[in-house]
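The values are calculated or read from the model by the stated rules, or taken from the named source; none is laboratory data. The model shown is predicted, which means the values in this text are computed figures rather than measured ones. Cβ coordinates were reconstructed from backbone atoms using ideal geometry, including for glycine residues, and neighbour counts include every protein chain displayed. Heavy atoms of the whole protein, side chains included, go into the accessibility calculation; ligands, DNA and RNA do not. Shrake-Rupley method; radii C 1.70, N 1.55, O 1.52, S 1.80 Å.
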Amino acid sequence: MTKDVATTTRDWSTTTRAKLTGAAVFGSDVGGGDDLHAVPVLHWGPPGTLRDVDATAALAVPGVRAVLTAEHFADAVGAGTFLYDGGQFHSSFAPLGSREVRFSGQLVALVVAASPEAARSAAALVDIDVAPRPSRATIPVSTHEDALIFERVVDPPSGVSTSGQSTRVTSAYETAPHFHHALEPYAMRAEWVGERLTVHHGSQWVVGEAHGIAQALGVAPECVRVVSAHVGGAFGSRALLMWHVVYVAAAAKMLGHPVRLHVDRSVMATLGSFRPATRQDVELEVGANLELRRYRHHVRVQTSRSDVVPLRGLEYASELYACSSSELRESVVRCDVPTPGFMRAPGEYPVAFALESALDELAHECGADPVELRLRNLSPCDPGRGGGPVHLGWCLERGAELFGWAGRPAPPSSMRDQETGELLGWGMAVAHYPAYGGGVTECQVSMDRRGRVTVELAAHDPGTGLTAAVAAAAARELECSAVEVDVVLGDSDLPLSPMAAGSASTRTAVAAAVDAARKVRRMSASRSDGSTLVATGRHVPPGMTEAGLRDAAAGRFAQASAAVAGEGSPLRLSVGAHFVEVAVDPGRGRIRVRRMVGVFDVGAVLEPRALRSQLEGGMIWGAGHALMEDAALDPRSGRFLGSGLADYHMMAQADVPLLEVEVLGETDPGRVCGSKGAGELGVVGSSAAVTNAIHHATGVRVRHLPVRPAAVIAAYGGV
Amino acid sequence: MTMESLAYERPATLAETLELLGRPGYTLLGGGTTLVDLMRLGVARPAGLVDARSVPELGGVVSSPDEWSLGGAVTMAEVLRHQTVCRELPALAESLALAASTQIRNMATLAGNLMQAPRCVFFRDVRTPCHRRDGGGACSALATDIAPRALLVDDDPCVAPALGDLGTAAVALDASVETVANGGTERMSVEELLRVPGPIPGNRLITRLVVPRRSGFSAFVKRRDRRSFAFGSASCAAWAAVEDGVVREVRVVVGAQSTRPRRLVAVEREVLGRALTTRTIESAARHALAGQDFRHGTDVEGEWHTATVRQALECVRERSRA
């Protein structure tokens, strides 16, 4: 798999050294021995109205300083603005803002004590009385409660014949809710020094969080600093401001003492967010020459009673293939659950599972090769169709070649492993992710007289490799080694950076760093003394509007779109093709992924090792989405069952197949640094490639994730 | 962890251990891989922990011509390092090797494994009713179809599956435990020990797991959704004594799909006195549900269970021919 891991300690950057030696400081590492400790009290019954919170017993526990409820925060904490209303919060619903309980697992009180043990003991003694109301946590079959949030209908142009021979498939698909389960659980510390608040915690958006906290607490934005020097994984879970952060900050102010909070893994999904479930209907139709004539796709996505979180996956997926007639609809279904959030390729993952599965069904119905079917229908943005920046045709052909796809027999259940007797299946699917323009990014670069370079910006590296890419870019500009470059990130006091999201922040950070480094290089040519040279750089993505610039400066989300104005190309996409081999052993009741090949077009490569690691991680994760990940939601109580790592299964190392990744690496002139982004891409389509391979192995179509091996093998007909 | 005070004792002798276990709220601590977890979850709230891992009677792997005697405090990993035990008792070795993770196998003890608490999400969650934990009342797992539950059940309202793989293998190998209390030492079969879920009556302590050394072939198979660190969705251990190509004695036991390690007598009857052929196995496995209370299972789950039994017997057959 990875061949070039071996590096000597000499090659370690400051960041690498900090992480590998344990010196890196995470949110829960900050603070002194006399900090106060907060523990959240959650309501686990059905939603309803909070009648009473009896804290008598909790307050009697030695060391307990306060049991804080909605009443205590009424004056201290104001409204917060939901992301889609122009704010930074993951939900418009303030859990301690009223007596309303909207979902099981909601925060209803915060216990603060001198020790974590005292706080935890007391939290268990808080007596919560809720008058329950009827509730429903999962998406019903019936659509009468759906709300349509996106619709685009393209009728066939007149003159295009819709008659003649055609093949059509119509299928329904379901994807399960998921947990992010970043390795570092939510942990934080809030401290006030005078009128200034400092919050330490893992974040994907320190600038936005600082503004959001300031707004909710009614203080000026410059009074709040959010520090997130290292992030132990995020996957979207730390993209938006979570309410408990604000309450802990307010508690620290009320009690006149720094307060720390550690969130148990099992409750991360209800204090934060999760990937919502979907139900989808897809209809595809091709004519005699395999040309797509009709694409109908309806996505129904779970959301909360409080907020509408759109997936918006359809408009990009529909650009992948040329199709003369399409009907795209997305509906949200209000459920009694926490507000869902972003998890790796939030819109693209579920939509691609359904679309790429349906294409496989269609290819099977037509007796066509699944690769050929896609090649015949490449979008006009593909060079294979007359020029453009989306090299999907190349990915498909190169992937097929690397994988050895040409030897694939078309009928299902026609390949067996000669030694083990397992049924073998080969499946493929397409990956895509919009190449957003990203956000406004600023940066400061300094170089001392010994040539040591420091790059500082508010951006984040939750394991994506941004640090390495920025160091490499600065080193290139300043003609030094990357290990001589220190990259300092994750502090809202540092130069403005956007949320780490949308596969865009690495390249905008690189662009800003390059801009600043070039200025330093020019200054060094005329430097006469040994002073440290300092310059600032800035990247404003093309297409960023005036309003976007204002939003960015005010700590609001502002991202340039994936379209590039005036170039005649509607959208830019990073794309790829997954090829998967599964082995199904009906006798031993086992389905395993043996081999995955991923070939991707992500534009220019900024840091090859970080890129491959990111793509491999996505491919593995998507296979795990297919085979095991399931945030089981009890439909009666609305509770997530088994939300710890013991019960929520992700792939173990032993499940990871042989992986091969290849990247085109062709610069996209329409994107800064030539890069289209790769952070979110690998997980998209990977699940469908697995289930398509299961179909090829067994003839059994899986339309509901995760796969249940017992059901597949029973449908196959046993041993 | 909470603030409740907790005594931790590390007795050196069996007598001391028994004395400490007689104190109210004192619990035996083995590797702690389940108990400490349950304490964190608030499910177990012992007043004191009695760490008996230094007691000599609970340690060591010793053999006589007739049996292996494995100390109750011996870790899973220690047994797996014992090459002769693993060679003679493949079902036992497989049940240990396929369980948990390396880290847990390094800590967890044999006695603790046999007596391990249910893994049911409702048992482990004090916020939900649990018949087993509450000593009565409703079973939450039966009220939802998304929680793992046993398919083969008895009259007991608890439907938590028997996920401790060692117990399943031990019943197939006709193993016993030696237990001790102030009244003295007793021996009972593992099948009897695990027949009713919960602690051993009479506050008895398991000192040894005793496995007969009889000539025969054994296997343990387990189905799970990933290749490491996962409980089974179905498991089966089988042991057969084969003489002149004919099965003279056989034990077929299922675990993860049952509330307890459960012998499938109807399957055994079909195999007994016959040559272990594919056809015999096929027809015997069809009796996997015979005489069983399968009211909570679906057809697909029934097939899964049956196929697991077939798989274990096939494995024994391969070993008997090698």
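Brief remarks on what is shown
- When the convex hull of its Cα atoms is viewed from all sides, the protein assembly as shown shows a mean projected area of 44.7 nm².
- FRET E, pair residue B:241, residue B:41, Förster distance 60 Å, beta-carbon r, rounded to 0.05: 0.85
- Among A:392, A:190, A:627 the positive-end extreme of the charge dipole of chain A (Cβ point charges): A:190
- In a simple Cβ point-charge model (Lys, Arg +1; Asp, Glu -1; nothing else charged), the protein assembly as shown has a dipole of about 720 debye relative to its Cα centre.
- Positive-end residue of A:219, A:352, A:338, charge dipole of chain A with Cβ unit charges: A:219
- Within the range B:112-186: Cβ-based charge dipole about Cα centre, in debye rounded to nearest 20 (Lys, Arg +1; Asp, Glu -1): 420
- Under Stokes-Einstein, with the Kirkwood radius over Cα pairs as Rh, the value for the range A:474-596 at 37 °C and 0.692 mPa s is 175 µm²/s.
- Shown for the range B:286-312: residues covered by the partner protein chains by 50 Å² or more of accessible area relative to the chain by itself (probe radius 1.4 Å), namely B:300, B:304.
- Area accessible to solvent at residue A:54, 1.4 Å probe radius, in Å²: 60
- 18 Å tail of the calculated P(r), the range A:371-464, as % of Cα pairs: 69
- Volume in Å³ per residue [convex hull over Cα atoms, computed for the range B:138-185]: 140
- Residue A:420-residue B:286 pseudo-label distance in nm [points 7 Å out on the Cα-to-Cβ vector]: 3.0
- For the pair A and B, the buried accessible area comes to roughly 2600 Å² in total, with a 1.4 Å probe and the value rounded to the nearest 100.
- The Cα atoms of the range A:591-644 define a convex hull whose projected area, averaged across directions, is 6.2 nm².
- Inverse of mean 1/r across different Cα pairs in the range A:665-719, Kirkwood, Å: 13.8
- The mean sequence distance of close C-alpha pairs (under 8 Å, at least 6 residues apart), as a share of the length of chain A, puts its relative contact order at 16 percent.
- For the range A:528-621, a simple Cβ point-charge model (Lys and Arg +1, Asp and Glu -1, everything else neutral) yields a dipole of about 540 debye relative to the Cα centre.
- Using all pairs of distinct alpha-carbon atoms, the Kirkwood hydrodynamic radius of the range A:227-301 works out to 17.0 angstrom.
- Residues of the protein assembly as shown: accessible area per residue with a 1.4 Å probe, Å²: 38
- Length, then width, then depth: along the principal axes, the Cα atoms of the range B:234-298 run 40, 19, 16 Å.
- Using only Cα coordinates, the Kirkwood hydrodynamic radius of the range A:99-170 works out to 19.2 Å.
- The simple Förster model, with R0 at 56 Å and r as the Cβ-Cβ distance, assigns residue A:124 and residue A:410 a FRET efficiency of 0.40.
- Centre-to-centre, using Cα atoms only, the range A:162-220 and the range A:239-313 are separated by 8 Å.
- Shown for the range A:650-691: residues covered by the partner protein chains by 10 Å² or more of accessible area relative to the chain by itself (probe radius 1.4 Å), namely A:650, A:652, A:654, A:655.
- Rel. contact order, % - alpha carbon contacts under 8 angstrom, at least six apart, the range A:155-264: 33
- By definition, a body whose alpha carbon gyration tensor gives a ≥ b ≥ c is prolate when a/c is 1.5 or more and a/b is larger than b/c, and the range B:276-322 fits this prolate description.
- Its Cα gyration tensor gives the range A:168-301 an equivalent ellipsoid, and the semi-axes of that ellipsoid, as √(5λ) in whole Å with the largest first, are 44, 15, 12.
- The GluC sites (Glu not before Pro) of the range A:431-503 meeting both criteria, a DSSP state outside H, G, I, E and B (loop) and at most 10 other C-beta atoms within 10 angstrom of the site's C-beta, are A:479.
- Between residue B:188 and residue A:636, the C-beta separation translates, for a Förster distance of 60 Å, into a calculated FRET efficiency of about 0.90.
- Projected area, mean over directions - the range A:1-136, Cα convex hull, nm²: 14.1
- Using a probe of 1.4 Å on the protein chains alone, the accessible area found for residue A:698 is around 10 Å².
- Residue among B:107, A:656, A:158 farthest towards the positive dipole end of the protein assembly as shown, charges placed on Cβ: B:107
- Relative frequency of Cα-Cα separations exceeding 33 Å in chain B, percent: 24
- Residues of the range B:1-38 whose accessible area, computed with a 1.4 Å probe over protein heavy atoms, drops by at least 30 Å² once all protein chains are present relative to their chain alone are B:1, B:2, B:3.
- Computed over the range B:152-217, the P(r) tail beyond 15 angstrom holds 57 percent of alpha carbon pairs.
- Judged by the mean number of other Cβ atoms found within 10 Å, the most tightly packed of the peptides A:459-467, A:493-501, A:70-78 leads the ranking A:459-467, A:493-501, A:70-78.
- Whole-angstrom gap from the range B:138-183 to the range A:651-719, using each part's C-alpha centre: 37
- Carbon/sulfur fraction of accessible area - the protein assembly as shown, other protein chains in place, 1.4 Å, %: 50
- Cα-only Debye scattering, the range B:175-322: base-10 log of I(q)/I(0) at q = 0.10, 0.11, 0.17 Å⁻¹: -0.40, -0.48, -1.01
- Cα-only Debye scattering, the range B:1-137: base-10 log of I(q)/I(0) at q = 0.10 Å⁻¹: -0.40
- The length gained on full extension between residue A:84 and residue A:142, counted as 0.36 nm times the residue separation minus their Cα-Cα distance, comes to 18.2 nm.
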